[in-house]
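Asks: Mind looking over this structure? Questions follow.
FYI, it's all coordinate maths here, none of it is from the lab. Not measured: the values here are computed from a predicted model. Reconstructed Cβ throughout: ideal geometry from the backbone, glycine too, with neighbour counts over all protein chains shown.
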Amino acid sequence: MRLRKLFCCCLTVLLCLILSAPAFAAEPIKVRTAWMDEHETFLIWYAKEKGWDKEAGLDIIMLRFDSGKSLIENVRAYDWAIAGCGAVPAMQATMSDQVEVIAIANDESSANMILTRPDSPILAEKGFNPDFPNVFGTPESVKGKLILCPKKTSARYLLDKWLAALGLEEKDVKIEELEPTPALGAFKNGYGDILAVWSPFTREAETLGFKVAAHSQDCGATQPVLLVADRAFTEKNPDAVRAFLKVYLRVVDEIKAQGPETLAPAYVRFAEAWMGKKFSEADAIAELREHPVFSLEEQLALFGEDGESPLKAWLAEIAAFSEKMNPDTAHRHATPEAVSGRFLKALK
């Protein structure tokens, strides 16, 4: 009888301990993501620093790439699920049903630039084309020049727009396709007449004394950076995609609420940790200001409904450029399903 009472007592205590113990948290879902040395990467880096991915039930793994072209071409090799990518390579991928556009990361129109040397004749005239009053250069000062520019990127799209604003085509100049780091390195060493790149390479170029001949917006080119996801991943893991967007938009809200000055110290840490670059707080503030980000409400307005939308209008031009860059490849325009905003709508 005593043994039975003792056993019952022990069992009762054990049950109480089990019931009062905290439930074990589910393992966070690992999400492999792909990024470049750019502003949009800061948002996820910052979220991870804050532990916000874990709060959302995710373990976000960040992979580094030199360009959007390299990032898109390696979606299968590196098995990434979600990425931040310029619209030019992203449109090529949506044409092949490879990825889906799930959100807008930022607007990098101010961060893509055509640069030249301070003594270049290109800088002698501004507003040759009255439709583009802030663009430097004339057909005579640009013809035959050697231009260093990454292939199939937002910088290449800007270059196409800049030449068109001057009444020129690619056949009128010499283009050498180099990734941003070697392109800037070669330009610093005196090679080439014109450099087409994006931030933060443009910031270093300006620090070295090179001058801006045109920004994207000067040439009528809106340059959104997109958040894209592998279609196979979105179909199998819709909850993880929505959780990722909540994390990203949480940082967007933080940027809008706190402002560039408050977040500048974090951006300085990000630049050193992720890019390996020494940024001043002034540099960080400029980066944050020059890359507008969009809240959920702003995203939904840009995606629009099933018909026309501002985003689709921007991307239609970029898709046409992508087709022009690959005339021997069978292309079709990005389908509505590829730029649907369905995951954003689910967050309302």
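Asks: Just add up the charged neighbours of I285: K/R +1, D/E -1, any other residue whose Cβ is under 13 Å from the Cβ of I285.
Replies: Result for the local shell: -3.
Asks: Which distance in Å, rounded to a whole number, links the C-alpha centroids of segment 158-180 and segment 134-150?
Replies: 7 Å
Asks: Find which of I82, C219, S141 sits farthest along the positive direction of the dipole of segment 82-220, computed with +1 on the beta-carbon of Lys and Arg, -1 on that of Asp and Glu, about the Cα centre.
Replies: Value: S141.
Asks: Place a +1 charge on the Cβ of each Lys and Arg in the chain and a -1 charge on the Cβ of each Asp and Glu, then give the dipole magnitude about the Cα centre in debye, rounded to the nearest 20.
Replies: Dipole of the chain, to the nearest 20 debye: 1540 debye.
Asks: Along the Cα→Cβ direction, 7 angstrom out, place labels at L63 and K324. What is the inter-label distance in nm?
Replies: Result for the modelled spin labels: 3.2 nm.
Asks: If the only charges are +1 at each Lys and Arg Cβ and -1 at each Asp and Glu Cβ, what is the size of the charge dipole of segment 107-217 around the Cα centre, to the nearest 20 debye?
Replies: That gives a dipole near 140 debye.
Asks: Cα-based Rg of segment 130-281 per 2.2 N^0.38 Å, rounded to two decimals?
Replies: 1.27
Asks: Moving on. In degrees between 0 and 90, to the nearest 10, how far off the longest principal axis of the chain does helix 154-165 point, with axes built from Cα atoms?
Replies: Helix 154-165 sits roughly 30 degrees off the main axis of the chain.
Asks: Then there's this: What percent antiparallel are the DSSP beta bridges of the chain, to the nearest 5?
Replies: Just about 60 percent of them are antiparallel.
Asks: Please provide three numbers in whole Å: the alpha-carbon extents of segment 42-121 along the principal axes, with the largest listed first.
Replies: Over segment 42-121, Cα extents along the principal axes are 56, 34, 21 Å.
Asks: Taking the Cα centre as origin and putting +1 on Lys and Arg beta-carbons and -1 on Asp and Glu beta-carbons, what dipole magnitude results for segment 23-125, to the nearest 20 debye?
Replies: 280 debye
Asks: Still on this structure, please answer the following. Over the chain, consider all pairs of different Cα atoms and compute the Kirkwood hydrodynamic radius from their mean reciprocal separation; express it in Å, one decimal.
Replies: Every distinct Cα pair counted, the radius reaches 21.8 Å.
Asks: Which residue, A240, A205, G190, has the largest displacement toward the positive end of the dipole of segment 125-283 when charges sit on each Cβ (Lys, Arg +1; Asp, Glu -1)?
Replies: Result: A240.
Asks: What is the sum of charges around E317, taking Lys and Arg as +1, Asp and Glu as -1, for the other residues whose C-beta is under 12 Å from the C-beta of E317?
Replies: +1
Asks: Something else: What GluC sites (Glu not before Pro) does segment 233-323 have in DSSP loop regions with at most 10 other beta carbons within 10 Å?
Replies: Within segment 233-323, the qualifying GluC sites (Glu not before Pro) (loop, at most 10 other Cβ atoms within 10 Å) are E305, E308.
Asks: Say the dipole of the chain comes from +1 at the beta carbon of Lys and Arg and -1 at that of Asp and Glu; which of A271, F132, L168 then lies farthest toward its positive end?
Replies: A271
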